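Working notes, beginning with the structure itself.
Computed from the coordinates by the stated procedures, all read-outs in this text should not be read as laboratory data. Values in this document were obtained by computation on a predicted structure and should not be read as measured data. Because the Cβ atoms are built from the backbone with ideal geometry, glycine has one as well, and the counts that use them run over all protein chains shown.
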Amino acid sequence: MLEERIERYRDYIEADPYSWAGRWAEACAPAGGEAFHEVRLDLGCGKGSFTVEAARREPDALFLGMDSEPICIAYAAQRGFESGLPNVIFVPGTGMRIREMFNPGELGVIYLNFPTPFPRKKDSKGRLVNLERLMDYRRVLCDGGEVRLRTDSQPLFDFALTQVPLAGYELTWQSRDARGERPRDPMSEYEERLGAQGALVNAYIAVPGPPPSNPVQTAEMSLSAYIPDDLSSFDAYAPHGMQGTIQNLRNRAAKDGGDWSRGITL
Ligand SMILES: C[S@@+](CC[C@H](N)C(=O)[O-])C[C@H]1O[C@@H](n2cnc3c(N)ncnc32)[C@H](O)[C@@H]1O
């Protein structure tokens, strides 16, 4: 039962995270110990493997895993409990309200590991890589703070790249095969699962530069706009959540003699 699990692992859950803005590093420090040097957020943490492993590697930083699904928080808190680590905690909440949960400059890193792609234009407001979200993140990141994205989805990644300059960020690193380039980075559940199916990891690290004076969305919002004409790039692996769309495009291409784009709207 969800309630039982939440109760059992309650020491690793902060149920009222919006009340701790500005105090995370001090409030979560072990009794009698110093405040953490840095606070990092794993946004959309799922079942928390990445959060816990990242916390194990960096004991001076506090790692917060946030997810909008209570069941994910319950499983993640179990992992936190089993790790026994003092520098990881899980919070129920939404990335849409990040500015209510943290004070300006409070976060060192925001991780976006395999964020839900919301491929359709009508759902695109839910994407955690959007201009609006990046503008929120820049308010809560410290000087030199970073947004670190990883995704199996080439269309989502190409869309995300359009948002970076709109929100006045600069890329300090990007890769189409992040696991190949940085094999020792901690792995999330999705990376492990989708990697086993053949996914390569697209990734960037972005840091806020000077704020844009008038940020305006100019990108195509449907992820279908980021699917290449040559569908053979998806022969080995189709991105999670877009398999149906890609199959429809293949069927349409077969029917129309190659022009897949006719009549497809996401
Ligand atoms: C595809 S899963 C990835 C989970 C984990 N990061 C991983 O890589 O294994 C996306 C997660 O993001 C969460 N999520 C989606 N939208 C969110 C939002 N606005 N705020 C917080 N979490 C969100 C979902 O509940 C889900 O657990």
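Available extension along the chain between D123 and A21 is 33.8 nm, counting 0.36 nm per residue and deducting the alpha carbon span. Applied to segment 228-243, the Karplus parametrisation 6.51 cos²θ - 1.76 cosθ + 1.60 on θ = phi - 60° returns per-residue 3J(HN,Hα) values of x, 4, 7, 6, 5, 5, 9, 4, 7, 7, 10, x, 3, x, 10, 4 Hz, with x for Gly and Pro.
By the Kirkwood approach, averaging reciprocal distances over each pair of separate Cα atoms, segment 143-266 gets a hydrodynamic radius of 16.1 Å.
In whole Å, what is the distance between the alpha-carbon centres of segment 19-92 and segment 102-181? The two parts, judged by their Cα centres, are 20 Å apart. Treating only the Cβ of Lys, Arg, Asp and Glu as charged (+1, +1, -1, -1), what charge dipole size does the chain show about its Cα centre? Round to the nearest 20 debye. Here the size comes out at about 660 debye.
In this rough spin-label picture, where each label sits 7 Å from Cα along the Cβ direction, the S213-E3 distance is 5.7 nm. Looking at the chain alone, DSSP beta bridges between its own residues are antiparallel in about 35 percent of cases. Under a 5 Å amide H cut-off, with hydrogens placed 1.01 Å from N, F90 pairs with I13, E14, G65 among residues at least 5 apart or on other chains. Computed on the Cα atoms alone, the convex hull of the chain gives a volume of 134 cubic angstrom per residue. Where the convex hull is taken over the Cα atoms of segment 38-102, what is its projected area averaged over directions, in nm²? Averaging across all directions leaves 3.8 nm² for the Cα convex hull.
Computed about its Cα centre, the charge dipole of segment 1-131 is approximately 740 debye, with only Lys, Arg, Asp and Glu carrying charge at their Cβ. In this structure the amide hydrogen of G209, modeled in the peptide plane, comes within under 5 Å of the amide hydrogens of Y169, E170, none closer than 5 places in sequence on its chain. Peptides 126-138, 3-15 ranked from most to least packed, by the mean per-residue count of other Cβ atoms within 10 Å: 126-138, 3-15.
Defining a contact as two alpha carbons under 8 Å apart and six or more residues distant in sequence, what relative contact order in percent does segment 2-219 show? In percent, rounded to a whole number, it is 20.
Amide hydrogen proximity for G46: with H placed 1.01 Å from N in the peptide plane, no residue at 5 or more positions away or on another chain lies under 5 Å. Bridging of K255 to lysines at a Cα separation below 29 Å is possible for K121, K122, once same-chain residues fewer than 8 apart are set aside. Mean residue ellipticity, 222 nm, helices only, the chain: the sum of -39500 (n - 2.57) across DSSP H runs of n ≥ 4, divided by residue count and rounded to 500, is -9000 deg cm²/dmol.
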